[in-house]
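Enquirer: Attaching a single structure in structure tokens format; questions to follow.
The values are calculated or read from the model by the stated rules, or taken from the named source; none is laboratory data. These numbers were taken from a predicted model, which means no experiment stands behind them. All Cβ positions, even for glycine, are placed from backbone atoms using ideal geometry, and neighbour counts span all protein chains on display. Heads up: the accessible areas ignore ligands, DNA and RNA and are worked out on the full protein's heavy atoms, side chains in. Shrake-Rupley method; radii C 1.70, N 1.55, O 1.52, S 1.80 Å.
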Amino acid sequence: MTLGLAMAGVTYANEPAATPAKPVVDAAKGEALYNNGDSKRGIAACMGCHGANGVSGGGAYPKLAGQHAAYIVKQLKDYKGGKERPNAVMSAFAGLLSDEDMQNIAAYVEKQTPGLGTAKNKASIELGQKIYRGGIASKQVAACAGCHSPNGVGIPAQYPRLSGQWAEYTEAQLVAYRQGDRKNSAQMAGIASRMSDAEIKAVADY
């Protein structure tokens, strides 16, 4: 055997390790799961609660259309874990999803047109705008716009889109953070803990 043949199977320490192939995200598969579910695996259709094209019919369920895919995946994983974001319905649903399913569903809803929203309470709109754009200095509450952007579209892979979301849903999440029921953001828990009911309602409506 020659030296060349003997050394052919040797891997040197300084050779770069092979990079695992990234899964191919398929929004079409995500659309099928979102709209129809998968009866063979017991997966219900997302559309039943979150509405056609990701625009739910009321504040009990969030609008998903236009939400950043990375954020959707993170929330589904947190639901699946069950500890950071406990929710009996969503934990059961997410528990049946593979990582690939999550990526596909997220890719689909991200491409949908976000629903519009309109502030309802004229009496608190000024307070809501003030908090969103400037925070509450006396309570060390940072401006929402700093992370979620001035127009509420958020920052992909970091902070969710808030623009057009149901005020009732946003309010419920801020209260959940304040009460410790939602545990998947220490930053938001700290902010919400320093806000009153009136302040939460106002900024959620805005």
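Enquirer: Report the residue count in the stretch 119-139 for those that are under 13 Å from E199 (Cβ atoms) and outside any helix (DSSP H, G or I).
Expert: Residues in the stretch 119-139 being under 13 Å from E199 (Cβ atoms) and outside any helix (DSSP H, G or I): 4 in total.
Enquirer: I would also like to ask the following. Can you list residue pairs whose Cβ atoms sit under 6 Å apart, with the first residue in the stretch 173-200 being touching a residue at least 40 places away in the same chain (Cβ under 8 Å) and the second being basic (K, R)? Count only pairs 6 or more apart in sequence or on different chains.
Expert: R182/R85; N184/R85; R194/K139
Enquirer: Being part of a helix (DSSP H, G or I) and not aliphatic (A, V, I, L, M) is the filter here, so list the residues in the stretch 88-118 that pass it.
Expert: S91, F93, D99, E100, D101, Q103, N104, Y108, E110 - these are the residues of the stretch 88-118 that are part of a helix (DSSP H, G or I) and not aliphatic (A, V, I, L, M).
Enquirer: Out of all the residues in the stretch 98-120, which are crowded, with 21+ Cβ neighbours inside 10 Å and aliphatic (A, V, I, L, M)?
Expert: Within the stretch 98-120, M102, I105, A106, V109 qualify.
Enquirer: Given the criteria among the hydrophobic types (A, V, I, L, M, F, W, C) and under 19 Å from A172 (Cβ atoms), does V89 qualify?
Expert: Considered against the rule, which asks whether it is among the hydrophobic types (A, V, I, L, M, F, W, C) and under 19 Å from A172 (Cβ atoms), V89 comes out as yes.
Enquirer: Name the residue, out of V141, V153, that is closer than 21 Å to A189 by Cα, touching an Asp or Glu at 6+ places or on another chain (Cβ under 9 Å) and modelled with pLDDT of 95 or more.
Expert: Among V141, V153, only V141 is closer than 21 Å to A189 by Cα, touching an Asp or Glu at 6+ places or on another chain (Cβ under 9 Å) and modelled with pLDDT of 95 or more.
Enquirer: Is there a residue being more than 23 Å from E110 (Cα to Cα) and in contact with a Cys (Cβ under 8 Å, 6 or more places away or on another chain) anywhere in the stretch 142-156?
Expert: The answer is no; no qualifying residue exists.
Enquirer: Scan the stretch 146-184 for residues that are closer than 19 Å to M90 by Cβ, aliphatic (A, V, I, L, M) and either open to solvent by 60 Å² or more (accessible area, probe 1.4 Å) or assigned to a loop (DSSP other than H, G, I, E, B) (or both) and report the count.
Expert: Count: 0.
Enquirer: Scan (1) basic (K, R); (2) at pLDDT below 95; (3) open to solvent by less than 80 Å² (accessible area, probe 1.4 Å) for the single condition K22 breaks and write down its number.
Expert: Checking K22 against (1) basic (K, R); (2) at pLDDT below 95; (3) open to solvent by less than 80 Å² (accessible area, probe 1.4 Å), the one that fails is (3).
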